[in-house]
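No lab work stands behind these numbers, since they all come straight from the coordinates. Quantities reported herein were computed from a predicted structural model and do not represent experimental measurements. All Cβ positions, even for glycine, are placed from backbone atoms using ideal geometry, and neighbour counts span all protein chains on display.
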Amino acid sequence: MKVKKAVIPAAGWGTRMLPVTKSVPKELLYLAGKPVLQYIIEEAVASGIEDILIITNRGKSAIDDYFDYHPDLEGKLANSGKAKELAQVHNPADLANFYFIRQKEAKGLGHAVGKARGFVGNEPFAVLLGDDIMQAETPVLRQLIDAAERYEASALGVQKVSDQALSRYSSVKVEPLEEKVFRATDMIEKPGPGQAFSNYAILGRYVLTPDVFDIIENLKPGYGGEIQLTDALQQLCLRSPMVAVDFEGRRYDTGNPIGFLEATLEFSARDPETGPWLEAYLKERAGQK
């Protein structure tokens with residue numbers, strides 16, 4: 001079981017980040033040197049992914065353009081001797097083999113993933129949500145792929161969240177297999193009071209077998225009247241092996257203002273170019289209070 005393909009759903013409206021997302025895809029918002037989506041793609045590539053399908057909508061053609069060459073701009077930068085800027089503009093297009101498809105109707109995450117069937121074929125594939133950035137010594141997706149290959153199973157990236165936060169995620173029923181790896185036997189999308197199976201929540205990373213597409217195709221709308229990926233996975237885990245990986249690493253939800261600001265500050269603090277300035281600036285501001 002080798003995982004070489006990844007699907008990144010990036011067709012959401014970005015309503016938590018309005019008004020800027022009215023015209024700028026939230027996945028391209030600038031975060032400490034590069035767009036949010038580039039961090040996610042770099043994680044996929046570092047995990048062994050070669051082919052990436054990005055699912056967009058009619059208002060996000062800028063994503064296609066970003067992961068393409070820009071001859072006019074690149075020529076101007078080359079003629080000006082701006083080698084660093086030239087690399088920043090040129091290199092994203094060479095990270096992987098990119099493919100794009102539009103989700104023409106906003107019917108939910110499960111529906112978006114279902115659009116990838118022709119791209120995936122009969123191979124296992126990864127799914128990375130377009131606004132979840134992971135920071136880890138071993139890429140989070142690589143942790144999932146290792147477990148999926150070891151157990152010949154689908155894999156979910158999970159971590160424990162608080163009781164209060166659980167209603168925003170999918171709760172997974174788990175049985176221990178080894179340290180940090182569990183068998184996933186059931187799950188529920190955005191559980192209400194008393195509905196959660198555990199405090200392990202699915203957080204933005206998946207490795208799936210192509211069996212999921214038949215399930216999605218016949219799935220009825222669930223929470224919010226949408227085709228929910230969790231509902232498809234709930235059926236999948238009853239039919240074939242599935243593991244939940246309590247991954248090591250830090251997740252940043254850049255799809256909301258607080259999460260985006262948190263990621264911006266922490267990534268900027270670690271950057272050798274901006275870190276010293278940011279530290280001095282924050283100390284100065286703190287001293288003024």
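Remark: the ASP68-GLU42 segment gains 7.8 nm on full extension, using 0.36 nm per residue and subtracting the alpha carbon distance. For the chain, a Gaussian network of Cα nodes joined below 10 Å ranks TYR223, TYR39, TYR206 by mean-square fluctuation, and the top entry is TYR223. In a fully extended conformation the segment linking SER80 and TYR30 would gain 15.6 nm over its present Cα-Cα distance, using 0.36 nm per residue.
Working note: Debye formula, equal point scatterers on the alpha-carbon atoms of the chain, no solvent; log10 I(q)/I(0) at q = 0.10, 0.13, 0.15 Å⁻¹ is -0.56, -0.93, -1.21. Taking a ≥ b ≥ c as the square roots of the eigenvalues of the Cα gyration tensor, region 190-245 is classed as oblate, since a/c reaches at least 1.5 and a/b does not exceed b/c.
Looking at region 23-94, which trypsin sites (Lys or Arg not before Pro) are in a loop (DSSP not H, G, I, E or B) and have at most 16 other Cβ atoms within 10 Å?
Passing both the DSSP loop test and the Cβ count: ARG58, LYS82.
For region 209-289, GluC sites (Glu not before Pro) meeting the loop criterion (DSSP other than H, G, I, E, B) and having at most 13 other Cβ atoms within 10 Å: GLU248, GLU273.
A Gaussian network model of the chain, with springs between Cα atoms under 10 Å, assigns the largest mean-square fluctuation among PRO19, PRO35, PRO241 to PRO19. Estimate the FRET efficiency between LYS180 and MET1 by the formula 1/(1 + (r/R0)^6), using the beta-carbon distance for r and 30 Å for R0, to the nearest 0.05. The value I calculate is 0.95.
Counted residue by residue at 0.36 nm each, then reduced by the alpha carbon distance between them, the extension gain from ASP214 to ARG239 reaches 7.8 nm. When only Cα pairs below 8 angstrom with a gap of at least 6 residues are kept, the chain shows a relative contact order of 22 percent. The GluC sites (Glu not before Pro) of region 116-204 that DSSP puts in a loop, and whose beta carbon has at most 13 other beta carbons within 10 Å, are GLU137, GLU152, GLU179. For the chain, the 222 nm mean residue ellipticity estimated from helices alone, with every DSSP H stretch of n ≥ 4 adding -39500 (n - 2.57) and the total spread over all residues, rounds to -10000 deg cm²/dmol.
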